[in-house]
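Written out below as structure tokens is the structure these notes cover.
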Amino acid sequence: MKLKNVLASAMCGVLLLPAATMADVLEVTLHYAGPESGSAWKGVQQGVDEANLQGQFLGQNYQIKVVNPDEIDAIDDITVLLMATDEETMLHVARHERMSEVAVFNLTSGADALREACQPNLLSTMISDSMKHDALGQWQERNPDTPVSAQAWHEDFEKFAARQLNTRFSRSHGIPMDDQAWAGWAASKMVTDSIARTQNLDSSDMLTYLKTEIAFDGQKGDGMTFREDGQLRQIVLLINEANEIAAEAPLRGVSGGLDSLGQNNSCQ
Amino acid sequence: MKLTHLLTSSMIMLSTAVWADPTHRLFASNERDNTVSVIDTRTGEVEATIDIGQRPRGIGLSPDQSTLYVAISDDNAIATVNVKTLEVGPRLVSGDEPEAFDVAPNGNIYLSNEDDATASVIDVVNNEIIAVIPVGIEPEGVAVSPDGSIAAVTSESSNMVHIIETEGHTVIANILVGARPRGLQFNSDGSLLYSTSEISNEVQIIDTSSYTIIKRVGLDSIENSRPMEIAVSPDDSIIYVTTGRGNSVAVMDATTLELLDNIPVGNRVWGMALSRDGSTLYTANGVSGTISVVDTQARKELKQIEVGAFPWGVTLDD
């Protein structure tokens with residue numbers, strides 16, 4: 001009983017936090033194009049919910065605005081666009097004149113063509129097909145008789161505080177976090193982390209910050225950075241037939257680190 | 001006058017009585033085998049292994065050093081052990097998933113509840129949670145200032161150091177620090193608060209009069225460094241920082257944060273305890289399953305002592 005009382009008063013206390021008065025709060029809109037259901041959408045929501053918890057202390061308030069990729073001209077102020085559509089639409093939108101100085105995130109497509117395009121404002125948090133291919137190659141070279149599949153994320157992943165992220169996501173959404181959910185969470189988390197630091201909603205500054213300044217804590221190990229072609233460097237998980245994590249690629253001893261996985265398109 | 005003298009001398013006697021006979025025991029929480037290893041630091045031998053509860057992590061002593069506290073995360077409790085007899089005592093409440101904690105001068109325990117984005121305050125005498133304070137996501141490191149007036153808590157995923165005033169248990173400041181903040185430690189007069197950030201690989205100094213970062217330095221020269229816990233030398237001149245997968249202890253100037261030395265220890269080093277006189281440092285090496293004994297004068301590891309599986313933290317009764 002006593003504990004309940006304490007918890008109840010602590011929850012009331014959230015409303016009384018002295019962090020920021022209304023006038024101080026920075027109102028932020030993240031634009032999103034894609035289905036309002038499914039993993040990527042839930043991942044974006046998770047990232048925004050977490051940012052709003054941080055924002056209670058630091059004075060930011062975030063909301064998601066869903067936009068139609070056919071009506072890009074109608075968008076007024078925009079800081080970033082998160083996309084969970086097919087890859088042709090992503091590339092088309094990223095090349096739209098209106099978006100030339102806006103970071104467009106690919107949350108769902110592994111298509112290597114999106115990376116080979118070297119579109120300077122297109123950033124992929126989803127792993128590419130060639131990253132999966134190389135991860136599988138590293139595994140098969142050492143374990144030719146044991147089949148595995150390659151994934152960006154797994155519900156049983158625990159290292160690097162992945163366990164805590166899995167717990168938060170499944171508590172909120174009732175389903176395990178998967179590749180697209182992680183990619184959606186990661187994009188919204190890195191954007192909101194950046195805004196908390198820079199207090200700047202200018203899209204061009206944000207694009208530069210994401211490509212040059214950030215070492216993102218994606219709860220997958222070292223600080224994460226983007227390749228020249230817009231692909232987010234990250235480990236790839238190898239999953240066996242029993243749906244268990246067999247290994248993390250790059251496998252130990254492979255040279256090149258994270259850049260041993262996937263293409264490294266030079267975009268000069 | 002006489003009464004004052006009498007009081008003073010009796011207080012000295014009292015404090016002597018408390019510390020006259022330390023056990024010289026080092027306690028290590030072994031996260032993966034649910035035990036606490038007890039090392040006699042005079043012999044360097046493990047003298048006992050105590051079954052403590054599920055997933056022991058945070059570890060510390062009561063102000064009079066008579067009771068050992070161990071956060072047993074998966075049992076949602078604080079285990080207690082009599083430091084002299086090594087008998088396991090009654091458990092204390094903790095809220096969900098207690099991880100790290102610090103003991104205030106008045107005996108209250110301030111702890112982080114990892115999965116609930118809260119810090120809890122435990123009244124040890126009444127075995128009662130007296131406050132639950134909302135903080136950022138994945139709260140981790142906790143430190144109470146030497147005078148007990150403020151407590152600091154890091155939130156790993158929200159990248160903040162929260163300052164809580166202990167009288168009303170309200171958050172009075174939130175400091176945005178480098179990615180994945182971990183450990184915290186005050187200097188001896190509480191004017192400075194040191195913090196580490198694992199992913200941005202930084203050590204920061206926070207001024208506790210303005211609650212602003214006055215110095216931040218990266219540990220890029222240490223391969224695979226992921227700064228974790230901090231210990232401050234008794235004269236406040238040096239800080240020691242465990243570097244996680246860097247498998248070392250960084251020795252830094254406490255004012256300039258200049259890296260003075262880097263002492264190799266065991267693998268994935270997290271927790272740390274410094275002897276009262278500052279001469280010996282003990283580190284918990286998770287992957288190695290050992291405790292390193294480090295001579296701080298020579299800045300050299302003297303030996304490693306095998307303990308249980310994945311030692312997380314250490315505390316010393318000296």
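Calculate how many DSSP beta bridges within the protein assembly as shown are antiparallel, expressed in % of all such bridges and rounded to the nearest 5. Write out the running numbers ahead of the final one.
Details: 118 of 136 bridges.
Restricted to the protein assembly as shown, the bridges split so that about 85 percent are antiparallel.
Placing unit charges on the Cβ atoms only, positive for Lys and Arg and negative for Asp and Glu, gives chain B a dipole magnitude near 460 debye about its Cα centre.
Dividing the convex hull volume of the alpha carbon atoms of segment A:192-268 by its residue count, what do you get in Å³ per residue?
Details: hull volume 9.3 nm³, N = 77.
Dividing the Cα hull volume of segment A:192-268 by its residues yields 121 Å³.
Only four residue types carry charge here, +1 at the Cβ of Lys and Arg and -1 at the Cβ of Asp and Glu. Report the dipole size of segment A:20-260 about the Cα centre in Debye, rounded to the nearest 20.
On the way: 18 positive and 38 negative charges, 136 e Å.
Magnitude of the dipole: close to 660 debye.
The equivalent ellipsoid of segment A:20-260 has semi-axes of 30, 21, 16 Å, largest first, where each one is the square root of 5 times an eigenvalue of the Cα gyration tensor.
Full extension of the chain between residue A:200 and residue A:24 gives 62.0 nm of extra length, using 0.36 nm per residue less the Cα-Cα distance. Taking a point 7 Å from the Cα of residue B:47 along the Cα-to-Cβ direction, the residues of segment B:256-276 with backbone N closer than 20 Å to it are B:273-276. Annotation for residue A:171 and residue A:255: the two label points, set 7 Å from Cα along the Cα-Cβ direction, are 4.5 nm apart.
Calculate the all-directions average of the projected area of chain B's alpha-carbon convex hull, and give it in nm². Spell out each step's value before the answer.
On the way: hull surface 63.0 nm².
It is 15.8 nm².
What FRET efficiency, computed as 1/(1 + (r/R0)^6) with R0 = 30 Å and r the Cβ-Cβ distance, is obtained for residue B:172 and residue B:66, rounded to the nearest 0.05?
Step by step, r from the Cβ atoms, then E = 0.40.
Which FRET efficiency value, to the nearest 0.05, do you get for residue B:40 and residue B:237 by plugging their Cβ-Cβ distance into 1/(1 + (r/R0)^6) with R0 = 22 Å?
Numbers: r = 30 Å, r/R0 = 1.35.
For residue B:40 and residue B:237, the calculated efficiency is 0.15.
Stretched out straight at 0.36 nm per residue, the stretch from residue A:113 to residue A:163 would grow longer than its current Cα-Cα span by 14.7 nm. Within segment A:20-260, DSSP assigns beta bridges of which about 35% are antiparallel (rounded to the nearest 5). Taking the alpha carbon gyration tensor of the protein assembly as shown, multiplying each eigenvalue by 5 and rooting it gives semi-axes of 44, 27, 22 Å, largest first. Counting 0.36 nm for each residue step from residue A:66 to residue A:225 and taking away their Cα separation leaves a gain of 54.6 nm.
Post the alpha-carbon centroid distance, segment B:130-191 to segment A:160-212, in whole angstrom. So the two Cα centres are separated by 23 Å.
Based on the Stokes-Einstein relation at 4 °C and a viscosity of 1.567 mPa s, and on the Kirkwood radius from alpha carbon pairs, segment B:86-195 is assigned a translational diffusion coefficient of 94 µm²/s. Extending 7 Å from the Cα toward the beta-carbon at both residue A:133 and residue B:130 defines two label points whose distance is 6.4 nm. Counting lysine pairs in the protein assembly as shown whose alpha carbons fall under 29 angstrom apart, excluding pairs fewer than 8 residues apart on the same chain, gives 25. Counting only the Cα atoms, segment B:120-174 fills a convex hull of 80 Å³ per residue.
Only the coordinates and a few stated rules stand behind these numbers; no lab work does. No experiment lies behind these values; they were computed from the predicted model shown. Don't worry about glycine lacking a Cβ; one is built from the backbone with ideal geometry, like all the others, and counts go over all protein chains shown.
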